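The values are calculated or read from the model by the stated rules, or taken from the named source; none is laboratory data. Just so it is clear, the model here is predicted, and its values are computed rather than measured. Here the Cβ positions follow ideal geometry from the backbone for every residue, glycine too, while neighbour counts run over all protein chains shown. Surface areas here come from the heavy atoms of the whole protein model, side chains and all, with no ligands, DNA or RNA. Shrake-Rupley method; radii C 1.70, N 1.55, O 1.52, S 1.80 Å.
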Amino acid sequence: MFLVNEGALVSVCADDSLHLWNLRQKRPAILHSLKFNRERITNCTLPFQSKWLYIGTERGNVHVVNIESFVLSGYVINWNKAIELSRKTHPGPVVHLSDNPIDANKLLIGFETGAVVLWDLTTKMAEQRFNCSQPVRCVSWHHEGKQFIVSHTDGTLTMWNLKNAAKPANIISPHAKVPVKGLKPEPCTPVLKVEWRSVKNGDPFILFSGGLPYDKANSTPSITIMQGKTTTVLEMEHTVIDFLCLCDNPWPSNPQEPYAVVVLLESDLVVVDLTSQGYPCFENPYPMDLHESPVTCVQYYADCPSDLIPHLYSAGANSLNRKKQLYSKKNWPVKGGGWGSGGSSEQEIVITGHADGTIKFWDASRVMLQVLYKLKTAKVFEKKKQARSLDGDEEPFAIQMVKLCQESRLLAVAGASGHVILYRFSRLEVTTELSVLEIAIVYEPEEPDTPEAETPPPPPPTPLKRNTSTVSASSVASAMSAPSLVTQTTSGGATAGSGPASGNQVTSTSSGDGIRDNVPNLKVKGGAHKRSSGFQADLCCQLVWVDGEAPSTITAVEINSCYGLLAFGTVSGLVIVDYLQKTCLLNMGTPDLYGSADPYTRTPRSPKKSKPQGLGDIVEQYMADPERCKSPTSSSGEQQNGVCVSPTSSNNARKQGRNNHDPAQLKRSKSQGSRKLISCKAQSVCSESGNGGPGEDRSEGSFTRSRSSSMSSLEKEAREGVQCLTFAESYTRKTESVTSPCVWVGTTLGSVLVIVINLPPPGEQRYTQPVIVTPSGTILRLKGSTLLMEFLDCNGSLITPPHEPWKDINRETKDVREKRPPLLQRSRMSPSSSTEIADRQFVIISSEKEAKVISLPSQTCAYRVKVAESSYVVRADVISLHNSVCLACYVANGHIMAFSLPSFRVLLDHDYLPLTDLRIGRTFQFSSHGKGVYQASPTELQRITICSEASENLHDMLGDLFLPVNTPEAPTKGFFRGLFGGGGSQLDRENLFGESSGRPSRSIARHIPGTGGLEGVKANSSSAAGELYKARIALHERGEKLSELEERTAQMMANAENFSTGSHQLMQKYKDKKWYQF
C-alpha cells in the first residue's frame, strides 16, 4: 500500500511482518518494521491522507497501527463484539476493511463466512450488520457512502443499502447461465476482487476478476467490466493476481472518474484504457515478457556496432506496428519517478533464447531492457503434436546456443533437436527456399586409457585409422522432387547425392518396430516461403538418427563470415559446413580428429566387421572425381553435395571399393544399447557409465562436467565431446612461418586440436572450388574441460577473428557477386638454417582447472596459472578493460577472478555468488569493458561489472522512485448538507487511537527499527560519522520541504495574480454603469 504523494510504501509479508519503506531516496530502505506474533495478517487498509493503518487478522480481530511511529495502538475491535450476540460460530478471518467515503467514523468490516459489519469507531459498537448467504471475498463502496457491493465465492455480486440491512438490494450473476424459473443460477468461480467506480456524466463502472463458469475458468483468466447494460470480458494470457483502477480524483467521496485499470498477471503487467472504445490496452514501454517462455540461453554483447541496434529496431518495428494498431492511442498512464542521469555509452545487446524456439534481442544500453526484435525459429519446421527434443522434453524447438557475428550480421542458432540454423540479416522482404543439410556422425565408442605423459610429442599427421563418421546432405529442391536418399560411407568425410556415382544409397526410413534411422528429429518445411525483413533463414543443418539412436547434443557453435564456414561440436564429434556452397566439409567423431597422434590408448569394446577407411582414402577418391565436390548451387540439373578434405602424408595405396561400407554393419559397443545419457544444457558433457562403472551426476540440480585433476578418470569417459570452437588466422604447426586459416577445437577431456582450412581464391572461384580441411596434428593439453581459446599478438593485443562487413545480399543482383576482401596480412619470413622462427602470437587456453599462454609457432608454454584447486571454473572470457585485455573467470565456489594477460597476474579475486543453481552457470558470461550478465531467476537478468569506474557511477544511473505532485483539493461540504446533517461527523483519529486508547499488548506485535532513515541512524549512530549522516538526512528533508514550500508559494502568487486580473477586468466592465443598470 502506497502512502499517496508521500513517498512511502507499506508491505505485508508472508511471515506476518509489516515494513515501511522510504521511496524518497534512490535506494529504497526500510524505516520501520512490525512483526505480529500471535495473529496472522489477512487484510490491511490505509485511508487516504490518514496516518492510521487498519489491520485485520485471521482470528477476526482488527488492530490499528500508527504509520509515523509504526507503533501498535491500544484500540482493538474484537470479533465477538462485532458479530451478533445470537451468533454461535466464529465469523472467520477478516477479508475486508474500509472507511465509509462520507463518514470516516464508520468502518466496514467483512468476514469470510459472510458477515459484514458497519462499526462505529467513536461509540465502539456495531451500528449495522449484514448477513450474506455466501462467503465474502471483497467489498467496495459507492462514492456516496450509502451503498456497497460484495463479491462472493459462487460468482455472484450483491448490492446492499445502508437503509435496509435485512436483505440485499440486488443480486447479480454476471456470467451464470439463465436458469429456468424457480431454479438457482449455476455456480461460477469466486469473484476474487470487485471495484465500484463512479463517473460524473455516465453510468458507474463495476470491475471484477473471476466469476466465470467452471468450464471456462481454467482456460480463460479474465477481467470483467460492467457499465450500464454493457458487460465486457477481457481475456488475459496469464492468471490474474490483482488489479487496480487508476482514477483522476483520489478523494473517495467524489466521483472517482476512472480512466485505466492496471492488471497484474502471473507473467505480465497489462494496463487497459477505460476511456476508449473497445477498452484497448496501453503499449507497455517496460519489458514484462522476458519469461513469456522460459529462458534457456543468454548471449551478451557489450560493444556493438553503432548501426546494429537501429537496424534491429527497424526490423522489429514492422511486426510491432501491426500490434500498435490494437493499442490505445494514449500515452502510458503511469508517470511516477524519473530516469537517472547515468547510462552506458556503449551499444549493448542481450540475446535470450527461449523454450518455445523464439529468440529476443534486447537493447541493454540503458538501465531498462527494451525489446528490439523477435525471431521465431519454429517457423522453419513443420509442427507435430508429439514432437520432442533429443532428451525427451516437450520443447523440441528450445534454443540451446546462439552465436552472432556482429559485423556481418550472421546468426547461428543451435536447437534442442540437434539442428543448427544459419540466419542472414536483410532489410528487405524476400521469398526464398531454405537449404537443408542432413548430417550423421557415426563412430565406434572406444574406452580411453590413461596416457603416460600429459603432453605427448605430436608426430606428423598420418592417415586416420578409426574414422567411421557419416554424413548425408540434401537440399530442399531434391527433397521436394525425389525421396530422401542418403549416401553413407565409413569415412571421415562423406557425400550425399543422387545418381549411380553416389555409391551406396540408403533410404531414410523409420522401421515398423519404431527404430528411426537416417531421419532428423524435426522436418523442415519445403518449398519457397516468404521471409520478412530481419534475420532470414539461409541454411539448416540437422543431425539425423542412426539405428534408433538419437543425435548428439550440440555443445559449441562458431561462424566465420570471412571464410564462409560454420562449425558446431557435439558431445561426440565435430561438423564443419561451407554455408556458401551448402556442403558439409567434415563430420567426425572426436577421437577420429587425433589420427595416430591420439594421446589415449583406446581399446575397442567390440570387434569391427570391416576395416574402416582412412581420411587419405577419401581425399584421393574425391580429388580424382572433382564433379562430386561441387556445390549444389553450381548445377541446376542435379543435386551434387560433397565433402572436401585434404590428403595426409600417407602414400599407401587406396582402394575404391572401401567406399561401399554400409553403416548398418558398423559394430558398436555392447553397452550402447542400454546406456542412459542425461544431457546438461549448459555446455555440459554427456557421460556414459559403461561396464557397470560409476558415472557422473548430470542432473538439473548440479552443474558438473569433466572436472578431474588427473587423467585417471578418463577410463570413466565413454565419449569425448567438443566443448569450444574458435576460427583464427594462426600458426598450425611448429615449423610454420606463415599464418593460415584454421579452426581450434577444445574438447571435454582438455585437448586442443587444430584443423587447417585451405580456401579457394576469392571471387567466383570461392563458390565453385571446394574448401579443403585437414587436421594439422597439433595437440595441446590441459587439465579439465576446455572452456576458452583466444589469440594475442606479440604486443599483447587481442586478435579478433577475420570477418566481412555486412552486406544486404538481397539488394545485390544475382549475376554480380562482390569479391570477398582479402584475408588478414600474413607475416612472412625466410629463416635460414642458423636462425630460429621468432614467436609472433600467443594463444590463451583456459580449462576448468587451469589456464595457459602458449607461444606460437613454437608451441611452448610461456605462462601457466591454476585457477581452481578444489573447485572448477564455470565460465572464462578474455575481455577488454581500460585499453588492455584480461582473463575473467567465474568459479563454482562463487569467486570472480581476473588475471592480466599474458603474465596471469591476479587483478581481482572477489567472493561473489556460489554456483547453487544450474541456471546461473548456463547463462553466466563476461563481455567488453568488464561487464557481465547472468540469469538470476526465471524472471530476472542480473548485470554486473568488475570495472571500478563503472561501479563508482552506479549511483548516478539509479533513477528517482518518487516525484511529488499537487494533491487535488478536498471536496467542500455543501451548505445545506452541513446545515441538515447530510454528511458524516468529523473524526479525531489522534484522540481516538492515540495514547488515550491505552497501551497495546506487547505479545501481539513487536516493533523493529529500520536502517533506512533517522530511526535507524539514531539506533546505530554512536560516532561523529553517524551524527554527520543524521544531519545530512535532516538537511535533505528540510531542503525537500523548502522546495515544496517554494512551489506552493509560486502557485499562490500565480493564483493571486489571476484573481487580480479578473477583478480588474470586472471593474472595467461595470465602472461606467449606474446602479439600476446592473
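Worth pointing out:
- The single residue among W79, W52 that is out of contact with any Ser or Thr (no Cβ under 7 Å at 6 or more places or on another chain) and closer than 23 Å to G7 by Cα turns out to be W52.
- Tally, over segment 791-819, of residues that are more than 13 Å from S561 (Cα to Cα), part of a loop (DSSP other than H, G, I, E, B) and either β-branched (V, I, T) or at pLDDT 70 or above (or both): 7
- Residue match in segment 911-925 (condition: in a strand (DSSP E or B) and within 22 Å of V295 (Cα to Cα)): yes
- Listed conditions (1) closer than 28 Å to L157 by Cβ; (2) at pLDDT 90 or above; (3) buried (at least 19 other Cβ atoms within 10 Å of the Cβ) are all met by I83, apart from (2).
- Given (1) within 24 Å of F208 (Cα to Cα); (2) under 48 Å from the mean Cα position of the chain (by Cα), number of the condition I102 does not satisfy: (2)
- Residue check for V367: of a type in the set (V, I, T), modelled with pLDDT under 85 and under 23 Å from H955 (Cα atoms): yes
- Close pairs (8 angstrom Cβ cut-off, 6 or more residues apart or separate chains): over 24 Å from P1000 (Cα atoms) in segment 16-44, open to solvent by less than 50 Å² (accessible area, probe 1.4 Å) and among the polar types (S, T, N, Q) anywhere: P28/N22; A29/N22
- Segment 189-208: number of residues that are without any contact (Cβ under 8 Å) to a residue 40 or more places away in the chain and either small (G, A, S) or farther than 26 Å from L97 by Cβ (or both): 3
- Qualifying positions in segment 531-587 - acidic (D, E) and open to solvent by 10 Å² or more (accessible area, probe 1.4 Å): D538, D547, E549, E558
- Comparison of T122, T45 shows that the only residue that is open to solvent by 10 Å² or more (accessible area, probe 1.4 Å), among the β-branched types (V, I, T) and over 27 Å from S17 (Cβ atoms) is T122.
- Of the criteria (1) in a strand (DSSP E or B); (2) open to solvent by less than 10 Å² (accessible area, probe 1.4 Å), which one K106 fails: (2)
- Residue in segment 224-247 that is surrounded by 13 or more Cβ atoms within 10 Å (Cβ to Cβ), at positive phi and either touching a residue at least 60 places away in the same chain (Cβ under 8 Å) or under 33 Å from the mean Cα position of the chain (by Cα) (or both) present: no
- Residues located in segment 885-924, provided they are open to solvent by 50 Å² or more (accessible area, probe 1.4 Å), of a type outside the set (D, E) and more than 25 Å from the chain's Cα centre (by Cα): S903, R905, V906, L907, L908, H910
- Among the candidates S98, S86, S11, S50, residue that is in contact with a His (Cβ under 9 Å, 6 or more places away or on another chain) and on the phi < 0 side of the Ramachandran plot: S11
- The one condition in (1) open to solvent by less than 10 Å² (accessible area, probe 1.4 Å); (2) over 18 Å from L522 (Cβ atoms) that L437 fails to fulfil: (2)
- Here S927 does not qualify as in contact with a strand residue (DSSP E or B) (Cβ under 6 Å, 6 or more places away or on another chain), modelled with pLDDT under 80 and of a type outside the set (A, V, I, L, M, F, W, C).
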